[in-house]
Amino acid sequence: MDSIYSINIERSVLSSIIFDQEIIEDILGILKPSDFYHPAHQKIFGVMEKLSHEDLPIDEEFIRKRLKSHDIDDSIFLEILSSNPISNIMAYVGEIKDGAVKRELSSLAHVIQKEVEDDEQSAVQSVDVVQNALYKITTDSASSDLKDMETINLETLDLIHEMKARGDSYLIGETTGFISLDKKTTGFNGGDLVIIAARPAMGKTALVLNMALKNIEAGKGVVIFSLEMPSSQLMLRLLAAKTSIPLQDLRKGSMNDQQWSTLTSAFDDLNTKKLWVDDNGSLNINQLRARVRKLAQNKDNNVSMIVIDYLQLMQGTGTKDRHQEVSEISRGLKMLAREIGIPIIALSQLNRGLESRPDKRPMLSDIRESGSIEQDADIIMFVYRDDVYKERDELRKEKEAKDRGEQYTSTFVNKPEEDAELIIGKQRNGPTGTVKLIFQKMLTRFVDKEQGEAPIETIYNTMDTEHETKIDMPMI
């Protein structure tokens, strides 16, 4: 029981604060009132904390005056005043914090027992409650010291030397899969929260799958939380991008012998890669945090990025309104990225209002519930393909002409490859701007405009002549 609390240690710390008020600033960075075991000690330390914030003396007179409203036996305060102040106070502070954490763990054991006995709670809900409580204890007990200028300079110098050792490489973090984007961003760095936003059918899922494919092919691990589509549909898109077999042919299983052979080889190769997919459509921030930590703590998994498709489908942990819920989620994702040192890429929907503008290129204010997302994200990018709007506009003109009994001949050509733009709207540590890409519709694949892979015409020429050549635009 002595390891959980010591009344004498608590008295000594409170006494030391009264005799040397300057030490409270250091103590407040570690302890909070509830860390004290004795209820009266909690109230007394709370009074000291308020006096410090109000820049008032932390002495007997001011403390007694504030304690009048707390109904504390005066003998308890006299015992504190009679205790001898100590020189190595931080060691005693550490003992108080250690005892507080152990008491919280003991309380958690009772919570676990209650959760087990609650027949109305599912096992998943019980685990979520326990994980959330344990995470709160862990983060609350973790402490970090302020770094002085000399320490910061040494760390910065080490970073500069590390970058020089790379041979002036533009890639510092994990590759985005696109050379032109890597040059703009230096890759996705550990601790980054990256938001990729677009209107429906622009290709944000296809883009992030292309990024994931490049990383797993490089031997890195990727975790995808797919809240919108099952893992089998994600894999079809991944296979189309990897094999250059049109997505529609993969869906129908309509392939020639050469394509079947290519597909088999792709499966064999992917079986050796590190890709994890969670396609549970109901996911909250605590569940995601627990699953990511479990994978990330195993260094053999070599996790290089976490992907969430998409952010607005995630759930919070309380009954807050939606705006507060999204704020909780985005802040939670940013904190998780920093904690595990791995970039988190979250897809996001955009407001419908942008489609009423003449120039439909997205901007930061177009992100749904944009305030907290814009604040927490390190990089925000938008996927934009002008041909999507041109095609819709031409279809609208055709319909309007038909309704008037007139004929309208569209000049729009549905091309197998379209120009695409990746607009960097925010980058905390780099420039904003636009990266030019090419979108290959049949393969749901993006490629660098200047570093393009096999032209789409080459893929057409390898297709069986019995296959349809009509381009079906898949849902992406």
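Check off (1) more than 16 Å from the chain's Cα centre (by Cα); (2) surrounded by fewer than 16 Cβ atoms within 10 Å (Cβ to Cβ) for residue 354 and give me the number that stays unchecked.
(2)
Output yes when any residue across region 213-222 is part of a loop (DSSP other than H, G, I, E, B), at pLDDT 85 or above and surrounded by 14 or more Cβ atoms within 10 Å (Cβ to Cβ), and no when none is.
First pass over region 213-222, keeping only residues part of a loop (DSSP other than H, G, I, E, B): 218-220.
Those still in the list that are at pLDDT 85 or above too: 218-220.
Subset that is surrounded by 14 or more Cβ atoms within 10 Å (Cβ to Cβ): 220.
Checked against the condition, which is being part of a loop (DSSP other than H, G, I, E, B), at pLDDT 85 or above and surrounded by 14 or more Cβ atoms within 10 Å (Cβ to Cβ), region 213-222 yields at least one hit.
Are there any pairs with C-beta distances below 6 angstrom linking a residue in region 43-56 that is within 17 Å of residue 20 (Cβ to Cβ) to a residue that is outside any helix (DSSP H, G or I) and modelled with pLDDT of 85 or more, with the two at least 6 apart or on different chains, and if so which?
As it stands, the answer is 45/36; 48/58; 51/58, since those pairs meet every condition given.
Take the residues of region 253-292 that are of a type in the set (D, E, K, R) and touching a helix residue (DSSP H, G or I) at 6+ places or on another chain (Cβ under 7 Å): which is surrounded by the most Cβ atoms within 10 Å (Cβ to Cβ)? Please lay out each step first, then the result.
Kept after step one, since they are of a type in the set (D, E, K, R), are these residues of region 253-292: 257, 268-269, 273-274, 278-279, 289, 291.
Those still in the list that are touching a helix residue (DSSP H, G or I) at 6+ places or on another chain (Cβ under 7 Å) too: 273-274, 278-279, 289.
Numbers: 273: 15, 274: 17, 278: 17, 279: 17, 289: 19.
Looking at the filtered set, the residue picked out is 289.
Test of understanding: among 115, 120, which residue is more than 28 Å from the chain's Cα centre (by Cα) and at pLDDT below 75? Write out each step before concluding.
On the way: 115 fails: at pLDDT below 75.
Criteria check complete, one pass: 120.
Kindly indicate whether any position in region 63-71 is within 44 Å of the chain's Cα centre (by Cα) and in a loop (DSSP other than H, G, I, E, B).
Checked against the condition, which is being within 44 Å of the chain's Cα centre (by Cα) and in a loop (DSSP other than H, G, I, E, B), region 63-71 yields no hits at all.
Against the definition (touching a residue at least 12 places away in the same chain (Cβ under 8 Å) and over 17 Å from residue 225 (Cα atoms)), how does residue 322 come out, yes or no?
yes
Given the conditions (1) at pLDDT 85 or above; (2) within 26 Å of residue 254 (Cα to Cα); (3) assigned to a loop (DSSP other than H, G, I, E, B), and given that residue 442 satisfies all but one, which numbered condition is not satisfied?
Condition not satisfied by residue 442: (3).
So, residue 432, is that one within 29 Å of residue 244 (Cβ to Cβ) and among the hydroxyl-bearing types (Ser, Thr, Tyr) or not? Give the steps one after another, and end with the answer.
Numbers: within 29 Å of residue 244 (Cβ to Cβ): no; among the hydroxyl-bearing types (Ser, Thr, Tyr): yes.
No.
Considering only region 193-201, I want to know if a residue exists there that is β-branched (Val, Ile, Thr), in a loop (DSSP other than H, G, I, E, B) and in contact with a helix residue (DSSP H, G or I) (Cβ under 8 Å, 6 or more places away or on another chain). Walk me through how you get there before you give the answer.
Keep residues of region 193-201 that are β-branched (Val, Ile, Thr), which gives 194-196.
Remaining after also requiring in a loop (DSSP other than H, G, I, E, B): none.
No - not one qualifying residue is present in region 193-201.
Would a scan of region 187-195 turn up a residue that is closer than 20 Å to residue 279 by Cβ and buried (at least 18 other Cβ atoms within 10 Å of the Cβ)?
Initial filter on region 187-195 (closer than 20 Å to residue 279 by Cβ): none.
There is no residue in region 187-195 that is closer than 20 Å to residue 279 by Cβ and buried (at least 18 other Cβ atoms within 10 Å of the Cβ).
So, of the residues in region 329-360 that are of a type in the set (Lys, Arg) and outside any loop (DSSP other than H, G, I, E, B), which turns out to be farthest from residue 303 (Cα to Cα)?
Narrowing region 329-360 to residues of a type in the set (Lys, Arg): 331, 334, 338, 352, 357, 360.
Applying the additional criterion that residues be outside any loop (DSSP other than H, G, I, E, B) yields 331, 334, 338, 352.
Values: 331: 21, 334: 17, 338: 14, 352: 35 Å.
Among residues in region 329-360 that are of a type in the set (Lys, Arg) and outside any loop (DSSP other than H, G, I, E, B), the one farthest from residue 303 (Cα to Cα) is 352.
Which one is modelled with the lowest pLDDT, of the residues in region 361-385 that are surrounded by fewer than 20 Cβ atoms within 10 Å (Cβ to Cβ) and part of a loop (DSSP other than H, G, I, E, B)?
368
For region 6-21, indicate whether the set of residues that are within 14 Å of residue 92 (Cα to Cα) and part of a loop (DSSP other than H, G, I, E, B) is non-empty. Talk me through it step by step, then tell me what you get.
Kept after step one, since they are within 14 Å of residue 92 (Cα to Cα), are these residues of region 6-21: 6-17.
Then drop every residue that is not part of a loop (DSSP other than H, G, I, E, B), which leaves 6.
Checked against the condition, which is being within 14 Å of residue 92 (Cα to Cα) and part of a loop (DSSP other than H, G, I, E, B), region 6-21 yields at least one hit.
What pairs come out if I take residues in region 141-161 that are among the polar types (S, T, N, Q) and pair them with residues that are in a helix (DSSP H, G or I) and at pLDDT 75 or above whose C-beta lies under 7 Å away, six or more apart or interchain?
141/97; 141/101
Only one residue in 171, 134 is modelled with pLDDT under 80 and outside any helix (DSSP H, G or I), so which one is that? Give the steps one after another, and end with the answer.
Working: 134 fails: outside any helix (DSSP H, G or I).
Going through 171, 134 in turn, just one is modelled with pLDDT under 80 and outside any helix (DSSP H, G or I): 171.
Mind checking which residues of region 394-437 are closer than 19 Å to residue 183 by Cβ and among the basic types (Lys, Arg)?
Answer for region 394-437, where residues must be closer than 19 Å to residue 183 by Cβ and among the basic types (Lys, Arg): 426, 428, 436.
Within region 331-354, is there a residue that is in contact with an Asp or Glu (Cβ under 8 Å, 6 or more places away or on another chain) and among the charged types (D, E, K, R)?
Yes: one or more hits.
Conditions tested, residue by residue: (1) touching a Leu at 6+ places or on another chain (Cβ under 9 Å); (2) closer than 14 Å to residue 203 by Cβ.
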position	(1), (2)
413	no, no
424	yes, no
429	no, no
438	no, yes
446	yes, yes
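Quick check on region 87-96. Is at least one of its residues assigned to a loop (DSSP other than H, G, I, E, B) and not aromatic (Phe, Trp, Tyr)? I'd like the intermediate steps shown before the answer.
Initially, region 87-96 is screened for residues assigned to a loop (DSSP other than H, G, I, E, B), giving 87-88.
Filter once more, keeping what is not aromatic (Phe, Trp, Tyr): 87-88.
Yes, that holds for at least one residue.
Starting from region 389-407, take each residue that is among the acidic types (Asp, Glu) and list its partners that are surrounded by fewer than 11 Cβ atoms within 10 Å (Cβ to Cβ), counting only C-beta distances under 8 angstrom and pairs at least six apart or across chains.
If the second residue must be surrounded by fewer than 11 Cβ atoms within 10 Å (Cβ to Cβ), the pairs left are 394/411.
Any idea which of 53, 38 is of a type outside the set (Ser, Thr, Tyr) and farther than 20 Å from residue 5 by Cβ? Write out each step before concluding.
Details: 38 fails: farther than 20 Å from residue 5 by Cβ.
Going through 53, 38 in turn, just one is of a type outside the set (Ser, Thr, Tyr) and farther than 20 Å from residue 5 by Cβ: 53.
The values are calculated or read from the model by the stated rules, or taken from the named source; none is laboratory data. Please read these numbers as outputs of a predicted model, since none were measured by experiment. With ideal geometry, Cβ positions are generated from the backbone for all residues, glycine too; neighbour counts draw on all protein chains shown.
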